[in-house]
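I have placed the structure first, in the form of structure tokens, so that the comments after it can refer back to it.
The values are calculated or read from the model by the stated rules, or taken from the named source; none is laboratory data. Note that the structure is a prediction, hence the values are computed from the model and not measured. No Cβ is skipped: glycine too gets one built from the backbone with ideal geometry, and neighbour counts run over all protein chains shown.
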Amino acid sequence: MAKFFKSLLLTVIGSIVTALFIILIFFGVIASIASSGEKETKIKEGTLLTIDLDKVIKDRSVDDPLSDLLGESPFSQSQLGLNDILKNIKKAQRDDKITGIYLKCGNPQTGYATLSEIRDELRAFKDSGKFIYAFSPMYSQKGYYLASVASKVYLPPHGMMELKGLSSQRTFFKGALEKIGVEMQIFKHGKFKSAVEPYMLDHMSEPSKEQTITYVNSIWNFIVSGISEARGVSTTEINLLADNGGMFSSNDVFVEGKLLDGLRYKDEVIAELKELTGTDEDEDIEQVNLADYKSVYVPRESKGLLKDKIAVIYAEGEIDGSDEDGINSEKLSKTIRDARRDKSIKAVVLRVNSPGGSGAGSDIIWREVKLCKEVKPVIVSMGDLAASGGYYIACVADTIVANPATLTGSIGVFGMMANVKPVANRWGFTFDGVKTNKYADVPSLTRPFTNDEKALFQGYVDRFYDVFKGRCADGRNTTKEAIDEIGQGRVWSGENAMDRNLVDVLGGLQTAIRIAKEKAGLESARIKEMPEMLSPIEEILKDMKSEAKAFMTESLLGVDYQKVQQLNSIKELHPIQARLPYELELN
């Protein structure tokens, strides 16, 4: 009994301490919000802009006081917005008080298309006559690709640099599902539509390998060409370094190969920066970080009040999926409708960074994009992903802009349904019931499809694929037959897609905005980002929910939350899916 009361007391005390901790966090966040007004930051002549990109980089910044207050935690993950990064590098370029950039980008967590857009803006900054110094204890392959554009790239003598080429690996669930007695019933149209392969195979199909080899090689060639141009080293030499051990080589090899400017400790790099900025040896360099620099006022290049606007509408995440950061088709449609009706908005840039998702949701968004295009120019800017449903909502635009490293296309459709009857029977569960009509219980998790039902489901999938082809053919001024030749669920890089008339221009968000201005007949315009951001409190609650799920899954089960999420999403799938063939990740 004494042990029981002792345990009860400890539980109560623990609960009280936890509650107090949460209350303190809450009031700390409120205080942070209250003190984070639009107060202008002042900087001095000769200031260095320090940019730390070793974070998750999304298309758009979010106002997350919890992350600002706690930094990295199980409930909060530091994120940056591509929009803010580009905006502030461009601002620093015309800011006479900024002499250069100190760049930390050892391990940025984003795709190569996003990195390419940042890299282009950094190159413009450097071409203006200012310097960029990159330094990190280690460079991932993505990190080095970004750093390679700098005036000087340094690594500590015993740091690590990754250079090895690209790979793409899948996880297959077929064997695991068979062991627990779950049968996946699969319907698809498109031989390259490989989203269902993890549930029906234990290896990549030949069409899946074929398309993957094509786009992986395309993206790698783009990366190597960028490094080659920036560092003055041939692509052959870069590939030779990658093939000869890359990250396991001596760092002297990278210096001799001109991929690094030297091996330096941080104090040595700081000493060089002091010389460049005219800072005395015993003084600190004047510097400002990216977060504070957002509040530094620098006059615009254009004078006067700009009444005309270009709307930049962000469509990021899975369409009508379970992802906390996904695209809600009804909400996004309303945002596009609002932009169409706003007379001060002269053109729309739709920024798509999506693997696709619900076919019905994609069609709802497509309709609003089409209606908007009828009254004002609509330009699509593709991010890291704009595939399947992501391409569906883009295909009707006046102009489609993609980065060479964008993954797009994947014009195909699939549907699937689990049959849990075998595992249920194994545990003694059986099912019985009644119905008024032949198909009243379709679809069902507790029995397999009949042949008639399979034919109906496959017909449904085939009809939607025909609709998908028609949308693309109309949007791209071609035929369904031409779309089918490059469709069938096949994924293309942005560069591949350009060659196949799926994309009009290679470039990034800034390219799309420039085209939007041209088509609207504007020399200058204000940028209005849409939809409206969540309030700080709403952002906190959303982040805590999603991060807590990941933390608990990985802590308790010891497995990657993304894999569990992928399996769990099966039960939430819309009957017809237009999405990428798998969870894609390139090193």
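Anything in the range 252-268 that is touching a Pro at 6+ places or on another chain (Cβ under 8 Å), of a type in the set (D, E, K, R) and not in a loop (DSSP other than H, G, I, E, B)? List them, or say none. Give the derivation first.
Narrowing the range 252-268 to residues touching a Pro at 6+ places or on another chain (Cβ under 8 Å): 263-266.
Of the ones still in play, those that are also of a type in the set (D, E, K, R) are 264, 266.
Answer for the range 252-268, where residues must be touching a Pro at 6+ places or on another chain (Cβ under 8 Å), of a type in the set (D, E, K, R) and not in a loop (DSSP other than H, G, I, E, B): just Lys266.
Take the residues in the range 475-504 that are at pLDDT below 95 and among the small types (Gly, Ala, Ser); name whichever of them is nearest to the chain's Cα centre (by Cα).
Gly489
Filter the range 124-148 down to the residues that are in contact with a helix residue (DSSP H, G or I) (Cβ under 8 Å, 6 or more places away or on another chain) and surrounded by fewer than 19 Cβ atoms within 10 Å (Cβ to Cβ), then identify the one that is nearest to Ile51 (Cα to Cα).
This residue is Phe131.
For residues that are in a loop (DSSP other than H, G, I, E, B) and acidic (Asp, Glu), scanning just the range 286-316, find the one that is modelled with the highest pLDDT. Before the answer, list the steps.
Our first condition is that a residue be in a loop (DSSP other than H, G, I, E, B); within the range 286-316, this holds for 286, 294-308.
Now narrow it down to the ones that are acidic (Asp, Glu): 286, 301, 308.
Working: Glu286: 95, Glu301: 66, Asp308: 92.
Once the filter is applied, the top-ranked residue is Glu286.
Being farther than 21 Å from Arg123 by Cβ and not aliphatic (A, V, I, L, M) is true for just one of Asn251, Asn221. Which residue is that? Spell out how you get there, then give the answer.
On the way: Asn221 fails: farther than 21 Å from Arg123 by Cβ.
That would be Asn251, the only listed residue that is farther than 21 Å from Arg123 by Cβ and not aliphatic (A, V, I, L, M).
So, in the range 431-472, how many residues would count as being of a type in the set (Phe, Trp, Tyr) and under 20 Å from Ala418 (Cβ atoms)?
Residues flagged as of a type in the set (Phe, Trp, Tyr) and under 20 Å from Ala418 (Cβ atoms) within the range 431-472 amount to 5.
Among residues belonging to the range 208-233 that are touching a residue at least 60 places away in the same chain (Cβ under 8 Å) and either out of contact with any strand residue (DSSP E or B) (no Cβ under 9 Å at 6 or more places or on another chain) or over 16 Å from Asp499 (Cβ atoms) (or both), point out the one that is surrounded by the most Cβ atoms within 10 Å (Cβ to Cβ). Outline the logic, then answer.
Kept after step one, since they are touching a residue at least 60 places away in the same chain (Cβ under 8 Å), are these residues of the range 208-233: 208, 211-212, 214-216, 218-219, 222-223, 226-227, 230-231.
From the residues that got through so far, the ones that are either out of contact with any strand residue (DSSP E or B) (no Cβ under 9 Å at 6 or more places or on another chain) or over 16 Å from Asp499 (Cβ atoms) (or both) too are 208, 212, 216, 223, 226-227, 230-231.
Details: Ser208: 22, Thr212: 21, Val216: 16, Ile223: 25, Gly226: 22, Ile227: 19, Ala230: 19, Arg231: 18.
Ranking the qualifying residues of the range 208-233, first place goes to Ile223.
In the range 82-100, is there at least one residue being under 23 Å from Ile43 (Cα atoms), in contact with a Lys or Arg (Cβ under 6 Å, 6 or more places away or on another chain) and surrounded by fewer than 19 Cβ atoms within 10 Å (Cβ to Cβ)?
Yes, that holds for at least one residue.
Of all residues in the range 180-191, count the ones that are among the hydrophobic types (A, V, I, L, M, F, W, C) and either crowded, with 23+ Cβ neighbours inside 10 Å or assigned by TED's automatic domain parsing to the domain that holds Gly409 (or both). Quick ask: steps written out before the conclusion?
Quick first cut of the range 180-191, residues among the hydrophobic types (A, V, I, L, M, F, W, C) only: 180, 182, 184, 186-187.
Next, only the ones that are either crowded, with 23+ Cβ neighbours inside 10 Å or assigned by TED's automatic domain parsing to the domain that holds Gly409 (or both) stay: none.
Result for the range 180-191: 0.
Can you tell me how many residues within the range 418-443 are part of a loop (DSSP other than H, G, I, E, B) and in contact (Cβ under 8 Å) with a residue 24 or more places away in the chain? Spell out how you get there, then give the answer.
Looking only at the range 418-443, we keep the residues that are part of a loop (DSSP other than H, G, I, E, B), and these are 420, 427-443.
Those left that are additionally in contact (Cβ under 8 Å) with a residue 24 or more places away in the chain: 420, 443.
The qualifying residues number 2.
Just one of the numbered conditions (1) within 21 Å of Leu82 (Cα to Cα); (2) buried (at least 24 other Cβ atoms within 10 Å of the Cβ) is not true of Ile365; which one?
Evaluating Ile365 over (1) within 21 Å of Leu82 (Cα to Cα); (2) buried (at least 24 other Cβ atoms within 10 Å of the Cβ) leaves (1) as the failure.
Mind listing just one residue for me: the one in the range 275-284 that is out of contact with any Gly (no Cβ under 6 Å at 6 or more places or on another chain) and crowded, with 16+ Cβ neighbours inside 10 Å and, of those, farthest from Gly129 (Cα to Cα)?
Thr279
Could you check the range 124-150 and list, in sequence order, the residues that are closer than 19 Å to Asn88 by Cα, without any contact (Cβ under 8 Å) to a residue 40 or more places away in the chain and not in a strand (DSSP E or B)?
Ala124, Phe125, Lys126, Asp127, Ser128, Gly129, Lys130, listed by residue number.
Kindly evaluate Lys152 against the criterion of being buried (at least 16 other Cβ atoms within 10 Å of the Cβ) and at pLDDT 85 or above.
Details: buried (at least 16 other Cβ atoms within 10 Å of the Cβ): yes; at pLDDT 85 or above: yes.
Answer is yes for this residue.
Can you confirm whether the range 327-337 contains a residue that is without any contact (Cβ under 8 Å) to a residue 40 or more places away in the chain and under 22 Å from Val196 (Cα atoms)?
Yes, because at least one residue in the range 327-337 is without any contact (Cβ under 8 Å) to a residue 40 or more places away in the chain and under 22 Å from Val196 (Cα atoms).
Select from the range 431-474 the residues that are of a type in the set (Ser, Thr, Tyr) and modelled with pLDDT under 85 and write down the one among them that is farthest from Gly361 (Cα to Cα). It would help to see each step written out before you state the result.
Narrowing the range 431-474 to residues of a type in the set (Ser, Thr, Tyr): 436, 439, 444, 446, 450, 460, 465.
Next, only the ones that are modelled with pLDDT under 85 stay: 439, 444, 446.
Working: Tyr439: 25, Ser444: 23, Thr446: 27 Å.
Among those that are of a type in the set (Ser, Thr, Tyr) and modelled with pLDDT under 85, it is Thr446.
Can you report the number of residues in the range 466-499 which are touching a residue at least 40 places away in the same chain (Cβ under 8 Å) and either surrounded by fewer than 23 Cβ atoms within 10 Å (Cβ to Cβ) or of a type outside the set (Phe, Trp, Tyr) (or both)? Let's see the steps before the verdict.
In the first step, residues of the range 466-499 are kept if they are touching a residue at least 40 places away in the same chain (Cβ under 8 Å); the result is 467-469, 471-472, 474-476, 483, 486-498.
From what's left, either surrounded by fewer than 23 Cβ atoms within 10 Å (Cβ to Cβ) or of a type outside the set (Phe, Trp, Tyr) (or both): 467, 469, 471-472, 474-476, 483, 486-491, 493-498.
Residues in the range 466-499 being touching a residue at least 40 places away in the same chain (Cβ under 8 Å) and either surrounded by fewer than 23 Cβ atoms within 10 Å (Cβ to Cβ) or of a type outside the set (Phe, Trp, Tyr) (or both): 20 in total.
Restricting the search to the range 371-389, which residues are within 18 Å of the chain's Cα centre (by Cα) and under 21 Å from Leu86 (Cβ atoms)?
In the first step, residues of the range 371-389 are kept if they are within 18 Å of the chain's Cα centre (by Cα); the result is 380-389.
Within the range 371-389, Val380, Ser381, Met382, Gly383, Asp384, Leu385, Ala386 qualify.
Please enumerate the residues belonging to the range 105-123 that are over 17 Å from Val153 (Cα atoms) and assigned to a loop (DSSP other than H, G, I, E, B).
The answer is Thr110, Gly111.
Looking at the range 43-55 only, could you name the residues that are in contact with a Phe, Trp or Tyr (Cβ under 9 Å, 6 or more places away or on another chain) and not in a strand (DSSP E or B)?
Ile43, the sole residue that qualifies.
If I filter the range 231-251 for residues that are outside any strand (DSSP E or B), in the same structural domain as Gly143 (by TED's automatic domain parsing) and either in contact with a Pro (Cβ under 8 Å, 6 or more places away or on another chain) or β-branched (Val, Ile, Thr) (or both), do I get at least one hit?
Checked the range 231-251: at least one residue is outside any strand (DSSP E or B), in the same structural domain as Gly143 (by TED's automatic domain parsing) and either in contact with a Pro (Cβ under 8 Å, 6 or more places away or on another chain) or β-branched (Val, Ile, Thr) (or both).
Give just the number: which of (1) at negative phi; (2) assigned by TED's automatic domain parsing to the domain that holds Lys517; (3) not aromatic (Phe, Trp, Tyr) does Gly409 not satisfy?
(1)
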